[in-house]
């Protein structure tokens, strides 16, 4: 049963006994604490693996600011490990025994995202058959991670700003504010200052989040991390899939070190996982690594020859369509290359279809 279903059932049971919303919240938090105590506890640095000096500096900053009850903004390319850093901040803080709750702001439409963040009362709208506790209340006393925060719309940004300023929220259909004690960490892979200048992100909310800023460097700028993460993933997947330790040849490691890693740590993890699965011996050589960046770069060479005088919208449309073509219509891969969210890409595709453009379809027959 999902967490939201559990919460709905609990809300229904407690409503029958006329328990107040405050008592319900206390009950929910106690339940979460019991579940955490039953689960194995990881050490703060269990998933924070690095060897590069840049990441060492980030770890030092984390230790300095972990206990400060101020927002943290983490920026960096997709796949660099922003959520890992967020979890490290929580694990090092005095909130570590309370919940860490994460929500991807780009994965939900605005109305549903608001419900997930702030919760709602029974009967607040059609289909609201039970009270729902939102992410702010679920993370009360702990940390709330707003992943891809720049994908929220202006109306929701205003409510986020109020929650940060007043340390209180109001459920949809609620009768009054609810005090919260939640540490906010926000992440984005966008240039957030550009989003502010373009009017897509509220300036006042930006300054509220910009108390502590951590910029996670891309993997191509952390060569020492490529090697240490490769060995970590190799050990993990070898144990998981083969039951024995696999080794890596020197030329295989050199191939990984020379690759620019557009997908960063996430891509490296996937490459190692695939190599372990496909390897038929106990030694992985360079040929086991399928790295396609060179092909993508060559296929996008047309960009260099775009005629001067084209409108920006026309160039953007052609660029997105050509990227989709090179990726055989794969939406996920194309969004990663373009540096935009999957949701944004799908919105663009819908616009192109309405304008009469022919959009490349996935070769698998579905929009990946």
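The values are calculated or read from the model by the stated rules, or taken from the named source; none is laboratory data. Note that the structure is a prediction, hence the values are computed from the model and not measured. Glycine gets a Cβ as well: all are built from the backbone with ideal geometry, and neighbour counts include every protein chain shown.
Hey, can you tell me all the residues within region 139-149 that are crowded, with 24+ Cβ neighbours inside 10 Å and outside any strand (DSSP E or B)? Even if it seems obvious, please write down each step before you answer.
Going residue by residue through region 139-149, those that are crowded, with 24+ Cβ neighbours inside 10 Å are 139, 144-146, 149.
Correct list: 139, 149.
Conditions (1) outside the structural domain of residue 174 (by TED's automatic domain parsing); (2) surrounded by 14 or more Cβ atoms within 10 Å (Cβ to Cβ); (3) assigned to a loop (DSSP other than H, G, I, E, B); (4) at pLDDT below 95, marked per residue:
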site: 24; (1), (2), (3), (4): no, yes, no, yes
site: 44; (1), (2), (3), (4): no, yes, yes, yes
site: 48; (1), (2), (3), (4): no, yes, yes, yes
site: 79; (1), (2), (3), (4): no, yes, yes, yes
site: 87; (1), (2), (3), (4): no, yes, no, no
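Which count do you get for residues in region 120-143 that are touching a residue at least 24 places away in the same chain (Cβ under 8 Å), more than 21 Å from residue 176 (Cβ to Cβ) and out of contact with any strand residue (DSSP E or B) (no Cβ under 9 Å at 6 or more places or on another chain)?
1
Residue 198 versus (1) in contact with a strand residue (DSSP E or B) (Cβ under 8 Å, 6 or more places away or on another chain); (2) surrounded by fewer than 20 Cβ atoms within 10 Å (Cβ to Cβ): which is the lone unmet condition?
It is condition (1) that residue 198 fails.
Looking only at region 113-126, decide whether some residue is within 15 Å of the chain's Cα centre (by Cα), closer than 30 Å to residue 347 by Cα, outside the structural domain of residue 344 (by TED's automatic domain parsing) and at pLDDT below 95.
Checking region 113-126: at least one residue is within 15 Å of the chain's Cα centre (by Cα), closer than 30 Å to residue 347 by Cα, outside the structural domain of residue 344 (by TED's automatic domain parsing) and at pLDDT below 95.
Being surrounded by fewer than 17 Cβ atoms within 10 Å (Cβ to Cβ) and in the same structural domain as residue 83 (by TED's automatic domain parsing) narrows it down to one of 193, 249, so name that one.
Of the residues listed, the single one that is surrounded by fewer than 17 Cβ atoms within 10 Å (Cβ to Cβ) and in the same structural domain as residue 83 (by TED's automatic domain parsing) is 193.
With the requirement that a residue be outside any helix (DSSP H, G or I), in contact (Cβ under 8 Å) with a residue 24 or more places away in the chain and surrounded by fewer than 21 Cβ atoms within 10 Å (Cβ to Cβ), what does region 104-119 give you?
Selection gives 104, 106, 107.
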